[in-house]
Amino acid sequence: MNKQLIALGSLFVAGILPVRAQLLASSDRFATYQSREVDTRLITLRSALAELEQYYSVSFIYPTNLVDTKVVMVNRHSQNLEAELTSLLANKGLTYRKVQPNFYAIVSADKGKNPRLFRKIEQIETKTSTDQAQTPVNIPERTIDKLERSGWSMTSAKPLADINGKVSDKNGQGIPGVSVIIKGTNRGTTTNANGEYSLNAANNAVLVFSFVGYTSQEVPVSNRSQINITMLDDVKALSEVVVVGYGTQKRASVTGAISSVSAQEVTQLPVPSVEQAIQGRVPGVTVTANGSPGETPIVRIRGIGSINYAANPLYVIDGFPTSDLNNFDTRDIESVDVLKDASSAAIYGSRAANGVIIVTTKKGSGDGKLHVNYDGYVGTQTAWRQLDLLNRDEYLQFGTALRTNAGQPIPARFSNMNQPIYAGTSQTYAQTDTDWQKAVFRNAPITQHSVQLSGGNERSRFYSSVGYFNQQGIMIGTGYKRGNFRINSDHIISKRFSFGQNLTISYDDKLNEVSAGGRTQVQNMIRMTPYMPIEDPTLVGGYRGPDGSDGTDPQNPVRAALQDQSNTQRMKILGSAYIDVKLIDGLTYRLRGGIDYVTARTYSFLPIYSESFNARALAQLSDDRLTYASPLISNQLTYEKVFGKHSINAVVVAERQAGRTLEIIGTGQATSNTIRELNAVVSTSAGLSGTRSENVLESYLGRINYEYAGKYLVGASFRRDGSSRFAPGNKWGNFPSVSAGWRISEEKFLKNIPTISELKLRASYGTMGFNGIGDYSWQVAVSQNTNAIFGDSRTQGTYFDRLGNTDLRWEVTKMSNFGLDLGLLNNSITLSAEVYQRNTDGLILNQPIAPSIGYTQSPIVNVGSMRNNGVEMQLGYNKTKGALRFNASGNISFISNKVLSLGPTVSPLLNGANADYGGGDITRTEAGQSIQYFYGYKVVGIFQTADEIKAAPTQDNAKPGDIRFADINNDGKIDASDRVNLGSFLPKFTYGLNLSANYRGFDLSLFFQGVQGNKIYNGVKVLEQGMLRLFNAGTDVLRAWTPTNTNTDVPRAVDGDPNGNTRTSDRFIEDGSYLRLKNLSIGYTVPAAALQSFSRGTLSRARLYVASTNLLTFTKYTGYDPEVGSRTSNTNPTLTNGIDYGQFPQARSFMVGLQLGF
């Protein structure tokens, strides 16, 4: 642990120490102040030589690339030219050489450098005046041109005009960091934070303006002193480079399936995690919200990759593989690249079977300026839908019918409604009508603030930020807040060495949704009695619930939310540093080291209380402390070279990443709510348990990409992983991939068709692995949960609890992919399409064994296989000319899933059973069907008469008004054999549509996201219409069947549900399709000229916007929200996806935001 803390400290120092130097390098004001103190000036070499030329009547020649080098110039001349030159050039690696009288050359201090150059300079034909001592050298125009073409400049050769101007984007906003170069030379500058620049150039020079994402422009000086230009978006350049595993690659050269999301898209939604930010934006990627704020969403790339384990993708942050992304501020992200096929993801080997998401964070600018930006918003959230539940009088009507039809007595409270709700008050039950939805749901605030500081120069850059995010849940007792700090920097040490580091520190605190009585808050909220008050000061805890006279026992959801405390606090430190060494031309060695360190505490305190029927005599306390550390060391060689029309990029890596987890859990019960720590628990109730586990992954990998003439592309990769999680003999796995591409648009026969700007065919095939099992899953499990008797004493016992499996190996996924990229009209119209097949073999499943053998756990074995097939398309259109500019893009993904095999001894997997939702299994997984389909009965109708029941297949306990189920196997009776496939939670297709427009400073953004063709098992409808026993319900129960109300689809109300009307059936299966306006944003950017005038040059950018998320939702689903995940933990799925047990619904939010640049 000490070594890990030392490593963390080193990373922090590596990031912080250069900052002061970087800030100074980014501040001309500081440099000027320092120079004043010693009576010197900090000016450019060109300006200094021009001043000396005028004072001493001499001429100078010097390399053009040194023209803007900063030198210290004295304010008073010493009357000794060569002494001043010596002082001027000190510490710059430069010296002077007297070539001719009054003619000096400024050259490198390396005496052995450029000997031929000196001979050429000495042979310069000069025309001097008679008095050489007082006249600068006059060189012919032809000679000057030759010198300039070879990279040299003269102070007296041609007059250089002072030129300034501003570079703006299509909205008139200044663009910082634009490169402004004098064509044919290496001399130039970059624009400042306001988009302004200044430089010296000859009147006949040509300026070249270039910046990533914009079309380069060449502008003649033509005797002008001010040149302002507007740069146009270059749609092709905007996606020119993508991040791939262990490097980057030109988009045009990519042969795999990689989708990218920009920083602008990532920051549009007010969500805490990157996963939620990319929902609907990447074809083939599904993201499903899975609970209250701060809960990790479910992310799946190209279908389901595993049955028994979470099919989460691998996340890589700035080259470091890590876990979920809740700890990262989306404002720090430069880009998100999703590796979807084997050729792009197989480089990560045994962890890539479910895809890879690479996140690249921002870097500093190298323009010599300090940039400060603020980005923040405040807003409010509400539940976008509420259900129609019974009020007090309707509940009394329903309860009377329910109990009467079952032949049971009506609760005593029903005839005593005029009693006070508690002693000492005049309010009666008849006067009480609590809206429990209103009591639990709330208008919840949401806010985020981020301040970024960046700067540097051409040799040293930094980016730093601090951020704060706070999202209160729309249900009381829930919320999530996070604070984060980041420092990124990179530095060029010398021509051969460079260094960089990334460090983020974050702290978050999540109020977990409680589950009083093992039930969700939604379930307790729906079931709670409407005539019951929220509070009762006469009871312990001060809250009220039903008692025996009410005939029901739901828990008070308000008490549970406000008193039952459960929160998770976590601090994460993720840092890495690297050093690059350029060994030879094109060959670079990188050494990277880092650590992922997490410390977490989940604390739960359930106090003593009494609601009447529900009570807790002793407080329950649990304190779970976890520490996780994952050090990484990586050695990488990268070779990149262009030989004529041939281009090669090769990477070789050897790395090691370990994971160490230490967890300790203390539990106990207390006799008081006052002291909420473990030292206050009753000694006989105290419990202490803990775990410690370690794993190591060693990897050797290589990749080579070859390109010929920009047309023919070939790539291959190979990774060999060794994992401690598998038994000797099966620890190592090999994961190869190959890919090829053909850029048809570069062929001669298409060059003359200007409509087609890009046309590329791609194909790939490869294998990937999955190693997300436990650290010791292959070994024999030993349990201490027993006692042994020796003589007359009892002692702790140990026994074997699970058989081991030394043959356990990786789950292996083989994927083939075919792709097409098309660009029309200079890429103003773009299309990308993919077709793939993904086969997973060796699925790790539990092997059933006879209980008589004596083991309580089943061993795990490789027995299953599964297939996912899919088609993906993405279409975009960009209009970049005119006052109105807009962009439209859409994506759609089709997918099908099929379990091919579960092995000869594994029975179909049944799951989802819950007594509150009918008691039967809800999902089934078997060979030949899609994973985890809904499994139950088909409803034929409602029995109307006793004769109809007699004529129908036998259905035990059926009465008129009960549900009639289909006899699927025609055996004359309704039983478990009549259950069938009722549909899948997997959508037939998912889609997203993004529209954005800009007009004279105003901007509009619309983002739609949707799914189509999936089914949801509506457990909320079971609560509303199930009528299992007396609880509050939805208003639909007022339409329940009676002899006088037979035209209905709601069965009779009868306590106990003797016919099993609530059993799993298509009565509760609903269409889960939805289309959602995920984001609407309208903003205004203040014109640069007005902003500069108003702020007196302080502000460089100001944008004000209003936004809304989940503003509109179009769906046929009748529950709270159609976006349903899995109630169980995302890291331990139990095949319950798409079952709505009362999941935390998505919020509708409204926000006002401000973005400022200084």
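Figures for the structure shown
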{"read-out": "Neighbours by Cβ (under 6 Å, 6+ apart or cross-chain): first from the range 449-473, under 18 Å from Thr504 (Cα atoms); second among the aromatic types (Phe, Trp, Tyr) and surrounded by fewer than 22 Cβ atoms within 10 Å (Cβ to Cβ)", "value": "His449/Tyr468; Val451/Tyr374; Val466/Phe485"}
{"read-out": "Filter result (part of a strand (DSSP E or B), within 26 Å of Glu834 (Cβ to Cβ) and either within 30 Å of the chain's Cα centre (by Cα) or free of Cβ contacts under 8 Å to residues at least 60 places away in the same chain (or both)) within the range 759-798", "value": "Lys760, Leu761, Arg762, Ala763, Ser764, Tyr765, Gly766, Thr767, Met768, Gly769, Phe770"}
{"read-out": "Hey, Gly941 more than 36 Å from the chain's Cα centre (by Cα), buried (at least 19 other Cβ atoms within 10 Å of the Cβ) and outside any helix (DSSP H, G or I) or not", "value": "no"}
{"read-out": "Any hit, the range 264-271, residues being aliphatic (A, V, I, L, M) and modelled with pLDDT of 90 or more", "value": "no"}
{"read-out": "Residues being of a type in the set (A, V, I, L, M, F, W, C) and outside any strand (DSSP E or B) - total across the range 321-346", "value": "5"}
{"read-out": "Per-region count, the range 823-843, residues touching a Lys or Arg at 6+ places or on another chain (Cβ under 9 Å) and part of a loop (DSSP other than H, G, I, E, B)", "value": "3"}
{"read-out": "Any strands (runs of 3 or more DSSP E) falling wholly within the range 231-310 and containing at least 1 residues that are of a type in the set (Phe, Trp, Tyr), in contact (Cβ under 8 Å) with a residue 24 or more places away in the chain and crowded, with 21+ Cβ neighbours inside 10 Å", "value": "none"}
{"read-out": "Failed item, numbered, when Gly882 is tested on (1) assigned to a strand (DSSP E or B); (2) over 22 Å from Gly1138 (Cβ atoms)", "value": "(1)"}
{"read-out": "Residues of the range 51-84 classified as closer than 23 Å to Gln100 by Cβ and either β-branched (Val, Ile, Thr) or in a strand (DSSP E or B) (or both), total", "value": "8"}
{"read-out": "Residue match in the range 358-381 (condition: touching a helix residue (DSSP H, G or I) at 6+ places or on another chain (Cβ under 9 Å), more than 26 Å from Arg459 (Cα to Cα), part of a strand (DSSP E or B) and aliphatic (A, V, I, L, M))", "value": "no"}
{"read-out": "Residues satisfying the stated conditions in the range 889-907, i.e. surrounded by fewer than 16 Cβ atoms within 10 Å (Cβ to Cβ) and under 30 Å from Val835 (Cα atoms)", "value": "Ser896, Lys898, Leu900, Ser901, Gly903"}
{"read-out": "Qualifying residues in the range 356-388 (those that are of a type in the set (Gly, Ala, Ser), more than 20 Å from Glu334 (Cα to Cα) and in contact with a strand residue (DSSP E or B) (Cβ under 6 Å, 6 or more places away or on another chain)) - the one surrounded by the most Cβ atoms within 10 Å (Cβ to Cβ)", "value": "Gly379"}
{"read-out": "Given (1) at pLDDT 90 or above; (2) in contact with a Lys or Arg (Cβ under 7 Å, 6 or more places away or on another chain), index of the condition Ala345 fails", "value": "(2)"}
{"read-out": "Cβ-Cβ under 7 Å pairs, at least 6 apart or on other chains, the range 609-621 side surrounded by fewer than 17 Cβ atoms within 10 Å (Cβ to Cβ), far side assigned to a loop (DSSP other than H, G, I, E, B)", "value": "Phe613/Gly545; Phe613/Pro546; Phe613/Asp547; Phe613/Asp553; Ala617/Ile608; Leu618/Ile608; Leu618/Thr671"}
{"read-out": "Residue check, Gln1092 over 25 Å from Gln386 (Cα atoms) and in a helix (DSSP H, G or I)", "value": "yes"}
{"read-out": "Test: residue in the range 670-689 that is under 30 Å from the mean Cα position of the chain (by Cα) and in a strand (DSSP E or B)", "value": "no"}
{"read-out": "Elements of type strands (runs of 3 or more DSSP E) contained in the range 969-1012, each with 2 or more residues being free of Cβ contacts under 8 Å to residues at least 60 places away in the same chain", "value": "980-983"}
{"read-out": "Residue that is part of a helix (DSSP H, G or I) and surrounded by 16 or more Cβ atoms within 10 Å (Cβ to Cβ), where the choices are Gln437, Gln448, Gln452", "value": "Gln437"}
{"read-out": "All positions within the range 775-821 that are touching a Ser or Thr at 6+ places or on another chain (Cβ under 8 Å) and of a type in the set (Lys, Arg)", "value": "Arg802, Lys814"}
{"read-out": "Pairs with Cβ under 9 Å, 6+ apart, first in the range 58-75 and touching a residue at least 60 places away in the same chain (Cβ under 8 Å), second surrounded by fewer than 16 Cβ atoms within 10 Å (Cβ to Cβ) and among the hydroxyl-bearing types (Ser, Thr, Tyr)", "value": "Pro63/Ser108"}
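The values are calculated or read from the model by the stated rules, or taken from the named source; none is laboratory data. Keep in mind the model is a prediction, meaning the values are calculated, not measured. Using ideal geometry, Cβ is built from the backbone for each residue, glycine included, and neighbour counts are taken over all protein chains shown.
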